[in-house]
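Contents: one structure, followed by commentary.
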Amino acid sequence: MKISIVLAASATLFLNHPLSAMEAPQVRPAVEAGIGHQVGNPSLVDLDGKTHRLAGITGAQDFTVIAVTSPTCPLSRKYAPTLAALEKAWKDKGVGFLFVGAIASDTPAAMSALAAEHGFTGPCSMDEKQAVLQALRALSTTEVFLVDRSRTLLYRGAVDDQYGIGYQKDQPSRHYLAAALEAVTHGQRPGIEATSAPGCALEIAAPDASGAAAVTSLTWHRDISRVIQRNCQECHRPGGTGPFEMMKMEDVIGHAGMIKKVIAKGLMPPWFAAPQSGEHAITWANDRSLSGAEREALLTWLSGDRAAGDPAEAPVPRQWPTEWVLGTPDAVVEIPQPVAVEATGRMKYQYREVVTSFSEDRWITGLEVRPTAMAQVHHVLVFVSPPGQKKVTDGDDFLAAYVPGSSAVIYPSGYAKKLPAGAKLTFQLHYTPNGTACEDRTRLGLRFAAEAPRYEVHVAAAKQHRFAIPPGHPNFEVKGALPVPFDTQILSFMPHMHMRGKAFRYDLVDAAGARRELLNVPRYDFNWQLLYRAAEPLVLKSGSRIEATAWFDNSPENPNNPDPAKTVVWGDQTEDEMMLGYLEYVRIPASSAKTAAVPPLSLTPKALGVLGRRLDINKDNRVSREEAGPTFLPLHQRLDQNQDGYVTAEEAKAATAKAAVAKAAHP
């Protein structure tokens with residue numbers, strides 16, 4: 001079959017959508033790209049005329065990069081030096097390269113010249129029968145595929161973002177392949193597992209929705225074990241939070257009835273974000289959902305003969321961490337006394353405080369919450385309070401969070417959270433007794449940056465404290481909002497409600513009033529306080545706002561409802577309710593920001609009170625930095641006596657009184 005060159009930006013695209021002529025790599029959902037599936041084992045002939053099986057090449061080292069290329073595609077040629085440099089840099093680290101020609105009209109002589117010019121040392125093939133391209137389901141001439149020795153696909157997409165259709169940069173800002181190699185050679189999954197790869201598009205068989213081969217005769221070793229390894233073993237492994245292991249075929253068969261039930265109902269793997277499509281669709285970095293093909297394969301195999309297949313086709317076993325997922329922490333903070341977890345019943349939230357001993361501010365690039373009683377811990381939130389601040393409440397800038405299966409966060413380069421010198425950490429611990437009494441002594445591991453980051457990561461919340469859910473109401477709606485007073489990057493979302501929580505949605509409303517959905521959780525599950533982390537930060541413009549809408553089920557039909565006859569209001573405990581749309585964000589520095597004039601403190605207390613009520617968008621009786629916005633941020637900084645990020649009426653009164661005394665002393 002001939003493969004022709006088709007420019008990814010077609011003539012129609014240029015004519016009808018001139019702004020779309022440029023094409024850069026875009027993050028793709030891993031399940032659609034076939035990540036975690038086995039690449040086939042086709043034959044190929046190298047430029048010396050020797051015939052190989054793909055397994056013979058990939059099995060010679062721990063990892064192999066299969067680089068699709070062409071001596072006649074301009075973008076392929078631009079990437080040839082980069083590929084050669086990467087091959088050289090990773091040669092002694094257990095990584096080999098295979099170069100595959102993609103264009104049928106290219107000649108072996110031209111391919112040999114390209115390899116010689118740039119110093120490719122790995123095998124090169126013209127793939128004249130397109131067997132390798134078909135096995136990879138390659139889409140463009142710049143696409144690279146990273147596989148392990150069992151041919152499990154670990155990453156596919158662009159080398160980096162230096163070159164694309166209609167643009168090129170002096171240096172790349174995203175090193176996708178290098179980052180993937182760094183991750184897999186350290187036993188980790190790549191942070192970004194799939195992207196598009198702008199280049200000369202290839203006319204080959206289009207992949208199905210999952211990116212995986214059509215299901216035929218399913219076996220454990222070739223098919224099912226890969227789905228289980230990628231989607232289940234994070235929790236269902238020795239030392240994991242799952243109730244049973246899923247490391248072997250026998251483990252899975254032994255729990256086949258329950259596994260089939262939770263998969264068929266969409267309860268497992270736990271992921272509750274509604275799918276998105278269109279121009280503004282968000283790809284989630286921690287998406288645990290099964291593709292339709294994966295779900296069908298599991299159910300078909302579990303309901304069928306459950307064939308084992310050939311052990312030689314099994315994936316390479318993953319090496320799971322025995323303790324800290326983020327690696328050895330620079331510091332560990334532990335709650336001072338163990339918490340006695342009851343065997344039965346419902347426990348109230350537990351709070352434990354730890355005063356840190358750091359003599360100077362620290363910048364946190366990675367953090368991980370590790371309970372010792374993982375089977376009983378429902379969730380943990382860790383709040384940070386500067387010295388002198390007495391109270392921490394939900395909605396403050398929490399430092400770290402834990403839910404089963406999600407304990408560690410490692411921020412991208414240039415991003416970090418600030419831990420003030422001498423700060424107090426408050427651990428909010430929620431336990432779910434499981435029949436066994438035990439003790440828990442939760443720890444927090446921290447990794448520090450050597451210097452201040454470009455972006456300081458904060459947490460804010462679109463929230464609403466004032467609501468009263470009527471008795472028996474099956475679908476009570478509560479709304480909250482968070483203004484965006486400056487250009488912002490949003491990193492993640494985490495909706496938080498209690499046992500009557502039913503659904504939650506974040507919407508963005510821009511300055512012109514246009515609305516679009518950011519995250520929709522149509523089936524909120526109190527048992528899984530999930531954080532939804534965007535694969536790429538979302539850029540929001542100043543003047544927009546985030547609206548959060550929550551729905552609560554206070555009816556008798558809600559099996560989690562502790563008391564359908566109760567009017568439910570805000571409260572800390574699970575029998576009460578909360579409406580919090582947490583999000584992580586960073587402020588984008590203005591390129592030519594003008595310093596706002598500091599409003600004078602000669603304002604009367606009454607005038608300050610009026611201003612405070614106007615700025616207090618969420619009506620929590622205090623004004624945050626975000627609510628103050630760029631215009632009033634200098635005033636906010638002067639009024640915020642304890643530097644906790646909020647101005648209360650008492651602080652405003654104290655500051656104006658102090659200013660009045662100073663004015664009287666120096667008229």
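For residues that are assigned to a loop (DSSP other than H, G, I, E, B), of a type outside the set (A, V, I, L, M, F, W, C) and either in contact with a Leu (Cβ under 9 Å, 6 or more places away or on another chain) or modelled with pLDDT of 90 or more (or both), tally how many sit in region 211-235.
Residues in region 211-235 being assigned to a loop (DSSP other than H, G, I, E, B), of a type outside the set (A, V, I, L, M, F, W, C) and either in contact with a Leu (Cβ under 9 Å, 6 or more places away or on another chain) or modelled with pLDDT of 90 or more (or both): 3 in total.
Looking only at region 157-190, count how many residues are in a loop (DSSP other than H, G, I, E, B) and open to solvent by less than 60 Å² (accessible area, probe 1.4 Å).
Selection size over region 157-190: 9.
Output the residues belonging to region 382-393 that are open to solvent by less than 10 Å² (accessible area, probe 1.4 Å) and either within 22 Å of Arg454 (Cα to Cα) or modelled with pLDDT under 90 (or both).
Matches in region 382-393: Ser385 only.
The conditions are (1) out of contact with any Gly (no Cβ under 9 Å at 6 or more places or on another chain); (2) within 27 Å of Thr195 (Cβ to Cβ); (3) at pLDDT 90 or above, and Glu279 fails exactly one of them. Which is it?
The one condition Glu279 does not meet is (3).
When the residues of region 286-313 are narrowed to those that are closer than 20 Å to Gly240 by Cβ and of a type in the set (A, V, I, L, M, F, W, C), which ends up surrounded by the most Cβ atoms within 10 Å (Cβ to Cβ)?
Leu298
Can you name the number of the only condition in (1) open to solvent by less than 10 Å² (accessible area, probe 1.4 Å); (2) closer than 25 Å to Arg189 by Cβ; (3) touching a Phe, Trp or Tyr at 6+ places or on another chain (Cβ under 8 Å) that Leu98 fails?
Of everything listed in (1) open to solvent by less than 10 Å² (accessible area, probe 1.4 Å); (2) closer than 25 Å to Arg189 by Cβ; (3) touching a Phe, Trp or Tyr at 6+ places or on another chain (Cβ under 8 Å), Leu98 misses just condition (3).
Tell me which residues, restricted to region 462-480, are open to solvent by less than 30 Å² (accessible area, probe 1.4 Å), assigned to a strand (DSSP E or B) and not basic (Lys, Arg).
Ala462, Ile469, Val478, Gly480
Looking at region 585-616, which of its residues are at pLDDT below 75, open to solvent by 80 Å² or more (accessible area, probe 1.4 Å) and within 29 Å of the chain's Cα centre (by Cα)?
Answer for region 585-616, where residues must be at pLDDT below 75, open to solvent by 80 Å² or more (accessible area, probe 1.4 Å) and within 29 Å of the chain's Cα centre (by Cα): just Ser591.
The rows are residues; the columns are (1) at pLDDT 70 or above; (2) surrounded by 15 or more Cβ atoms within 10 Å (Cβ to Cβ); (3) of a type outside the set (A, V, I, L, M).
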{"site": "Val623", "(1), (2), (3)": "yes, yes, no"}
{"site": "Thr631", "(1), (2), (3)": "no, no, yes"}
{"site": "Asp644", "(1), (2), (3)": "yes, yes, yes"}
{"site": "Val647", "(1), (2), (3)": "yes, yes, no"}
{"site": "Ala654", "(1), (2), (3)": "yes, no, no"}
{"site": "Lys658", "(1), (2), (3)": "no, no, yes"}
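Take Ala548 and decide whether it is at pLDDT 95 or above and either among the small types (Gly, Ala, Ser) or over 20 Å from Val569 (Cβ atoms) (or both).
Considered against the rule, which asks whether it is at pLDDT 95 or above and either among the small types (Gly, Ala, Ser) or over 20 Å from Val569 (Cβ atoms) (or both), Ala548 comes out as yes.
Could you grab me the full set of residues in region 68-88 that are touching a helix residue (DSSP H, G or I) at 6+ places or on another chain (Cβ under 8 Å), closer than 15 Å to Leu177 by Cβ and open to solvent by 20 Å² or more (accessible area, probe 1.4 Å)?
Residues satisfying the conditions are Pro81, Leu86.
I need a count of the residues in region 415-447 that are outside any strand (DSSP E or B), open to solvent by less than 40 Å² (accessible area, probe 1.4 Å) and either over 26 Å from Asp644 (Cβ atoms) or free of Cβ contacts under 8 Å to residues at least 12 places away in the same chain (or both).
Going through region 415-447 one residue at a time, the tally reaches 1.
The values are calculated or read from the model by the stated rules, or taken from the named source; none is laboratory data. Because the structure is a prediction, the values reported are computed rather than measured. When we count neighbours, we look across all protein chains shown, and the Cβ atoms used for this are built from the backbone with ideal geometry, even at glycine. Accessible surface areas use protein heavy atoms only, side chains included; no ligands, DNA or RNA. Shrake-Rupley method; radii C 1.70, N 1.55, O 1.52, S 1.80 Å.
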